[in-house]
Amino acid sequence: MAEESITFTLPDLGEGLVEATVLEWQVAVGDVVARNAPLVEVETTKSAVVIPSPQAGRIAELHAAEDQVVPVGDPLVTFAVEAADEAPRAGIVGRVPPEEARPARRVRLKPPTA
Amino acid sequence: MTELIERAGAGPDAAGAPPVELSMQQAVNRALRTLLAEDPDVLVFGEDVGALGGVFRVTDGLQREFGDKRVFDTPLAESAIMGMAVGLAMNGWRPVPELQFDGFAYPAIDQIVNQVARMNYRTRGSAPMPITLRLPSFGGIQAPEHHGESLEALFAHTPGLKVVAPSDPAEAYTLLLQSVRSDDPVVFMEPKARYWDRRPVRLREPSDPIGTSRVVREGSHATLVAWGAMVHKCLQVAELAAEDGVDLEVLDLRWLKPVDTAGLAASVSRTGRAVVVHEAPLTAGLGAEVAALVTENCFRDLSGPVQRVTGFDVPYPAGPLEGQYLPTIDRILLAVQRTLEY
Amino acid sequence: MRPVPPAHASAAPEHISVDHLRPDLTRALYQAMRTARDLDAEAVALQRQGVFPAYVSVRGQEAAQVASATALDPERDFVFPTYREMASALAYGVDMVGYMASHRALWHGGLYDVMASRFGAVNAVVGGPVPHAVGWAVGERLRGGDGVALSYFGDGASSEGDVHEAMNFAGVFGAPVVFFCQNNRWALSVPNERQVAGGSVAARAEGYGMPGAVVDGNDAGAVYEATAEAVARARSGGGPTLIEALTYRVEPHSTSDDPGRYREDTEAEHWRVHRDPVALLRAAVLAAGHADEADLAEADAEAAGRAEEIRDGVAGAPEPHGSELFTHVFRETTEELTRQHRTWQEEVEL
Amino acid sequence: MSAKLTGDVTMRYVDLPPRAPADAVPVLLLHGFGTDFDMNWRATGWTRALESAGLRVIGPDLRGHGSSDKPVEEAFYLPEHFVADLVSLLDELGVERVDVVGYSMGSRLGWELALTMRERVRRVALGGFGPVNAFAGTDLSEPGSGDSPFDRVYRAVAALPGNDTAALAACARGQASRPFSSDPLLNGVPLLLVSGERDAVAEGAAGLAGRCGGVHVEVPGRDHGNAVSSRAFRQAVVDFLLA
């Protein structure tokens, strides 16, 4: 099962905030978390908030220690995610076209004589 | 048969990043991630591109990573989406709007043709339009009405617009970087039937200039000219033709405006025969443009007229009839045979 | 100030009353809504079995659709639907096997006779058919007829230029049109707060020179009355009306959508459990004494039977023959199209 | 989803149905001075924690805050008016008894509710709160001008978008006109007090809890601003409610 790593930066917390202090990680490296599960508690000049996990997957790396100040946009956490290779999901409409191994045909060609 | 695409993927800077297995959805997603990270002016917006991550998941995760000020949903109004893109560009941004489906572009044609395409011209260069319109296009997934249209002829016919259609994940990554970094407006037509096509991909920076085509399979007896999902179909045809001792060249046109006349002429003058394949209806399709260019540039080398294998001149049909409307392998083979016997 | 959600949220009542309506009307509304609910469930099953490539459910919007369609006169009015008006078509008397054929992708617009049914073809262009209703209505006035056009569209479509232009035209021409917006709170993944500036579609009515009304879209009686009033106004030359029926899209946008990515399932669950229009009407009909449990059990059985009959009809319908690709392109065909038909016979039909 | 309770002052509240059994006693969350339900409870992970514990959450924006009405006369903000709002909200929702969870000003109001409407409250968990007068050393004619603990709190919240400083000032004066007194004690109700180790506003919380026969939990290293979002506080309260 191929694994893909996805890194998330400290998201824009709104109201022009440029950085936040990590108060307490709610996860540890190696944990497998669900999407939206509590990820990290951070404090800005305005308030303290808990950031939900943007991704389901295994925590591969935490890029900031507790009490460390992280600028918005800097790497925060890296997930190791199984590259989804179960049957590809159709989009909002239509069907995923089947990939035929050997396309069928009835017409035979005759190479040019010249 | 190892497709030439694999070798093309290797490319001159083979020493680049190791290949990673990606679908076209993921390749476009990666390109958008690269663009959003490298240029703070890039904005990605359209219907359902944010929380949902796009109806084909192509913008999945971008809003979470880059925030909802640079990746955002708009209300459901295609004309306003493109009109807003014009205004954003005039305020220094590099807009990458998505119109959710080809058939939904029609309400925005006025903004695209009358504003986006000619703004640089009518302001004598003062207000360039570095806009890339991402448009999931073409058919092949049995989608409902208005979700399988091919509009390349309409866009190619519009002065001031450049038009490109990638045929595989590696191409999608490289050509999207090239399109968004270009300061000219580009319509980036993503072949939705190939979204799920997964293959080892080397993510490469653009090297060919805009307007360059690509030979994906060398051959000697005839040239198949195609773009988007039809490139894969023509490779299948070439594989079957080889069993009959016929050696077909497959040319991926890539840029539908400007068309690579030199590349086209070089291939057809060598093989002497050309078959153009596209999903759009026959009459006034881009195939007519390719046929005219071949006739004007390779007349003496041609051993027969250019053949066109296309959709019929009927409205795009519902599900079960789609397979009989789109170019089939047999129809392409018959066209090839006509050029061989001419 | 953060936009305050319209009274659309859970504050709306969890019981309705139909005491003031005629018993035959409320029983008819229940019969059609019950049938539409069962047919909707059959259609989702057909999609799961691969008979339909996809399906767009109307579950939760039966009152808004059935009660509005029932307020019209199928002999002289004309309905312009979107792609999600199965319950309106059913209540209006459209051939439902022909209607469901569009969901089985046998023919894009459906296989029912549009002009005979006075019910427009299934239309997937968001907001596209709304100006058609204005044209039909202006044409009706020119002929001296008293027919009324009813145009369906959603909260998503309310952002489309076509809809704004059509409503202004109707105001200018005084056209006999009822603009019926089913605001089901979600345009695919975008909620009202990010789709409808100002928080109300009906509030725009005044700007287009027509009265506007907001109605609880899940209260069949209220929808019927609001629509009947608007139809009467149009029929008597009083011009157009904009009705905004507040309802909720309980199911995903389509059978291949994943709402977990953009909305809380507790919200949908609340509407599914506490604001089910069919359950609301059933309780009200009993409370008003318009029917007893035995009558409704009979109605339920009839509805289930009809739904299965329609299901079997559309599942068993033949697929269109390839040659139909070339029919109806023109009234008067062309040489070139005939040549392409031959090409199809020689190269595709083989 | 949220709705409106109209009275002399219209109050916005949120009623989040539980995923688990419907009969569990609902939790009434009372936010602190100058914030609102979303900032104090949703953004800090509380709603998710309480929901996954199967608890129904009722969360008003208290008068003068969030999306509720913001009168500017001091008289609207006496503690008894807040308590009356809460009682009419519980009546409107047909809720017999609740567990009250409060923070800072919300805790003082939770204490008053439990004291005066004993039969409507089952358990009480209060954070960022203590016997000491929260407004000590503050010139309330010009809140935020001095350097008392409350001045610092006032300056922090005054800058938050959506806050109406005239209403907040009136609210402070209204609360201060009835200074908190721990006499009579809150006895005969299961009580949990939680305070940050460095939270000056919650000075003496341990002693107060002891005198009421309740329990006190201290959150190490936390002050008045960041104790509310700590996992220790959340976990202590969830365990207390489910005990």
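The values are calculated or read from the model by the stated rules, or taken from the named source; none is laboratory data. Bear in mind the structure is a predicted one, so any value in this text is a computation, not a measurement. Backbone-built Cβ (ideal geometry, glycine too); neighbour counts: all protein chains shown.
List the number of the failed condition for C:TYR83; all other conditions in (1) out of contact with any helix residue (DSSP H, G or I) (no Cβ under 8 Å at 6 or more places or on another chain); (2) surrounded by 24 or more Cβ atoms within 10 Å (Cβ to Cβ); (3) among the aromatic types (Phe, Trp, Tyr) hold.
(2)
Picking from D:GLY94, D:GLY32, D:GLY54, D:GLY66, which residue would you name as being within 14 Å of chain A (Cβ to nearest Cβ) and either free of Cβ contacts under 8 Å to residues at least 12 places away in the same chain or on the phi > 0 side of the Ramachandran plot (or both)? Spell out the reasoning first.
Numbers: D:GLY94 fails: within 14 Å of chain A (Cβ to nearest Cβ); D:GLY32 fails: either free of Cβ contacts under 8 Å to residues at least 12 places away in the same chain or on the phi > 0 side of the Ramachandran plot (or both); D:GLY54 fails: within 14 Å of chain A (Cβ to nearest Cβ).
Testing whether each residue is within 14 Å of chain A (Cβ to nearest Cβ) and either free of Cβ contacts under 8 Å to residues at least 12 places away in the same chain or on the phi > 0 side of the Ramachandran plot (or both) leaves just D:GLY66.
What is the number of the single condition among (1) at negative phi; (2) free of Cβ contacts under 8 Å to residues at least 60 places away in the same chain that A:ASP67 does not meet?
All conditions are met except number (1).
Taking the stretch B:52-74, which residues are free of Cβ contacts under 8 Å to residues at least 24 places away in the same chain and within 7 Å of another protein chain (Cβ to nearest Cβ)?
Step one: filter the stretch B:52-74 for residues free of Cβ contacts under 8 Å to residues at least 24 places away in the same chain, giving B:52-53, B:63-64, B:67-69.
Answer for the stretch B:52-74, where residues must be free of Cβ contacts under 8 Å to residues at least 24 places away in the same chain and within 7 Å of another protein chain (Cβ to nearest Cβ): B:LEU52, B:GLY53, B:ARG64, B:GLY67, B:LYS69.
So which helices (runs of 4 or more DSSP H) are wholly in the stretch C:239-350 and hold at least 3 residues that are more than 23 Å from the chain's Cα centre (by Cα), more than 30 Å from C:ALA226 (Cβ to Cβ) and more than 10 Å from every other protein chain (Cβ to nearest Cβ)? I'd like the intermediate steps shown before the answer.
Details: elements: C:265-274, C:277-287, C:293-316, C:335-344.
Fully inside the stretch C:239-350 and qualifying: C:293-316, C:335-344.
From the list B:GLY272, B:GLY304, B:GLY263, pick out the single residue that is surrounded by fewer than 23 Cβ atoms within 10 Å (Cβ to Cβ), more than 17 Å from B:GLY219 (Cα to Cα) and among the small types (Gly, Ala, Ser).
Numbers: B:GLY272 fails: more than 17 Å from B:GLY219 (Cα to Cα); B:GLY263 fails: more than 17 Å from B:GLY219 (Cα to Cα).
The conditions single out B:GLY304.
May I ask you to verify whether B:GLY311 is small (Gly, Ala, Ser) and more than 9 Å from chain C (Cβ to nearest Cβ)? Lay out the reasoning, then the answer.
On the way: small (Gly, Ala, Ser): yes; more than 9 Å from chain C (Cβ to nearest Cβ): yes.
Yes, satisfied.
Going by the structure shown, is D:ALA125 among the aliphatic types (A, V, I, L, M) and touching a Ser or Thr at 6+ places or on another chain (Cβ under 7 Å)? Walk me through it before giving the result.
Numbers: among the aliphatic types (A, V, I, L, M): yes; touching a Ser or Thr at 6+ places or on another chain (Cβ under 7 Å): no.
For D:ALA125, the condition - among the aliphatic types (A, V, I, L, M) and touching a Ser or Thr at 6+ places or on another chain (Cβ under 7 Å) - is not met.
Using the structure shown, decide if D:PRO220 is loosely packed, with under 15 Cβ neighbours inside 10 Å, without any contact (Cβ under 8 Å) to a residue 40 or more places away in the chain and within 20 Å of A:GLU41 (Cα to Cα).
Working: loosely packed, with under 15 Cβ neighbours inside 10 Å: yes; without any contact (Cβ under 8 Å) to a residue 40 or more places away in the chain: yes; within 20 Å of A:GLU41 (Cα to Cα): yes.
Answer is yes for this residue.
Which residues, counting only those in the stretch D:28-79, are within 20 Å of D:PRO143 (Cα to Cα) and among the small types (Gly, Ala, Ser)?
Hits for the stretch D:28-79 are D:GLY32, D:GLY34, D:GLY64, D:GLY66, D:ALA75.
With the condition kept exactly as written, say whether any residue in the stretch B:259-273 is touching a residue at least 60 places away in the same chain (Cβ under 8 Å), over 16 Å from B:VAL164 (Cα atoms) and among the aliphatic types (A, V, I, L, M).
The answer is no; no qualifying residue exists.
Of the residues that sit in the stretch D:121-150 and are buried (at least 19 other Cβ atoms within 10 Å of the Cβ) and not in a loop (DSSP other than H, G, I, E, B), which one is modelled with the lowest pLDDT?
Checked the stretch D:121-150; the qualifying residue modelled with the lowest pLDDT is D:PRO149.
Take the stretch B:83-103 and flag every residue that is in a helix (DSSP H, G or I) and either away from chain C (no Cβ under 14 Å) or surrounded by fewer than 24 Cβ atoms within 10 Å (Cβ to Cβ) (or both). Write out each step before concluding.
Looking only at the stretch B:83-103, we keep the residues that are in a helix (DSSP H, G or I), and these are B:83-90, B:102-103.
Within the stretch B:83-103, B:GLY83, B:MET84, B:ALA85, B:VAL86, B:GLY87, B:LEU88, B:ALA89, B:MET90, B:GLY103 qualify.
So how many residues does the stretch C:96-118 have that are more than 17 Å from C:VAL56 (Cβ to Cβ) and in contact with a helix residue (DSSP H, G or I) (Cβ under 7 Å, 6 or more places away or on another chain)?
3
Residues being in a loop (DSSP other than H, G, I, E, B) and farther than 15 Å from B:VAL275 by Cα: count how many of those fall in the stretch B:225-249. Can you show your working first?
First pass over the stretch B:225-249, keeping only residues in a loop (DSSP other than H, G, I, E, B): B:227-228, B:244-247.
Restricting the remaining residues to those that are farther than 15 Å from B:VAL275 by Cα gives B:228, B:244-245.
Adding up the residues that qualify gives 3.
Is it true that B:VAL336 is more than 27 Å from B:ALA143 (Cα to Cα), within 14 Å of another protein chain (Cβ to nearest Cβ), in a strand (DSSP E or B) and touching a residue at least 60 places away in the same chain (Cβ under 8 Å)? So that I can check it myself, show each step before the final result.
Working: more than 27 Å from B:ALA143 (Cα to Cα): yes; within 14 Å of another protein chain (Cβ to nearest Cβ): yes; in a strand (DSSP E or B): no; touching a residue at least 60 places away in the same chain (Cβ under 8 Å): yes.
When the stated conditions are applied, B:VAL336 does not pass them.
I want to confirm something. Restricting to the stretch C:186-221 and keeping residues that are surrounded by fewer than 24 Cβ atoms within 10 Å (Cβ to Cβ) and among the hydroxyl-bearing types (Ser, Thr, Tyr), which single residue is farthest from the other protein chains (Cβ to nearest Cβ)?
Here the answer is C:TYR208.
Taking the criterion of being touching a Pro at 6+ places or on another chain (Cβ under 6 Å), of a type in the set (A, V, I, L, M) and modelled with pLDDT of 95 or more, would at least one residue in the stretch B:226-241 satisfy it? Break it down into steps so the answer makes sense when it comes.
First, pick out the residues of the stretch B:226-241 that are touching a Pro at 6+ places or on another chain (Cβ under 6 Å): B:228-229, B:236.
Right, trim to of a type in the set (A, V, I, L, M) and you get B:229.
From what's left, modelled with pLDDT of 95 or more: B:229.
For the stretch B:226-241, residues touching a Pro at 6+ places or on another chain (Cβ under 6 Å), of a type in the set (A, V, I, L, M) and modelled with pLDDT of 95 or more: present.
Only one of these is touching a strand residue (DSSP E or B) at 6+ places or on another chain (Cβ under 8 Å) and at pLDDT 95 or above: C:ALA228, C:ALA232, C:ALA166, C:ALA220. Name it. Write out each step before concluding.
Details: C:ALA228 fails: touching a strand residue (DSSP E or B) at 6+ places or on another chain (Cβ under 8 Å); C:ALA232 fails: touching a strand residue (DSSP E or B) at 6+ places or on another chain (Cβ under 8 Å); C:ALA220 fails: touching a strand residue (DSSP E or B) at 6+ places or on another chain (Cβ under 8 Å).
Sole residue among the options that is touching a strand residue (DSSP E or B) at 6+ places or on another chain (Cβ under 8 Å) and at pLDDT 95 or above: C:ALA166.
Show me the helices (runs of 4 or more DSSP H) found entirely inside the stretch C:69-158 where at least 1 residues are more than 24 Å from C:PRO277 (Cβ to Cβ) and in the same structural domain as C:ALA187 (by TED's automatic domain parsing). Explain how you work it out, then say what you get.
On the way: elements: C:86-92, C:96-100, C:114-117, C:130-143.
Qualifying helices (runs of 4 or more DSSP H): C:96-100, C:114-117, C:130-143.
Of everything in the stretch B:32-56, what is within 20 Å of C:GLY156 (Cβ to Cβ) and in a loop (DSSP other than H, G, I, E, B)? Give them in sequence order.
Scanning the stretch B:32-56 gives B:GLU47, B:ASP48, B:VAL49, B:GLY50, B:ALA51, B:LEU52, B:GLY53, B:GLY54, B:VAL55, B:PHE56.
Looking at (1) within 18 Å of the chain's Cα centre (by Cα); (2) hydrophobic (A, V, I, L, M, F, W, C); (3) surrounded by fewer than 21 Cβ atoms within 10 Å (Cβ to Cβ), find the lone condition where D:ALA202 falls short.
All conditions pass for D:ALA202, except number (3).
From C:VAL66, C:VAL114, grab the single residue that is out of contact with any strand residue (DSSP E or B) (no Cβ under 6 Å at 6 or more places or on another chain) and more than 22 Å from C:GLU324 (Cα to Cα).
The conditions single out C:VAL66.
Go through the stretch B:157-176 residue by residue and tally those that are farther than 20 Å from B:VAL216 by Cβ and not β-branched (Val, Ile, Thr). Let's see the steps before the verdict.
As a first pass, look at the stretch B:157-176 and keep what is farther than 20 Å from B:VAL216 by Cβ: B:157-162.
Filter once more, so that each one left must be not β-branched (Val, Ile, Thr): B:157, B:159-162.
Total satisfying the criteria: 5.
Just checking, which of A:VAL33, A:VAL29, A:VAL18 is in contact (Cβ under 8 Å) with a residue 12 or more places away in the chain, more than 14 Å from chain D (Cβ to nearest Cβ) and under 20 Å from the mean Cα position of the chain (by Cα)? Please lay out each step first, then the result.
Numbers: A:VAL33 fails: more than 14 Å from chain D (Cβ to nearest Cβ); A:VAL18 fails: under 20 Å from the mean Cα position of the chain (by Cα).
The conditions single out A:VAL29.
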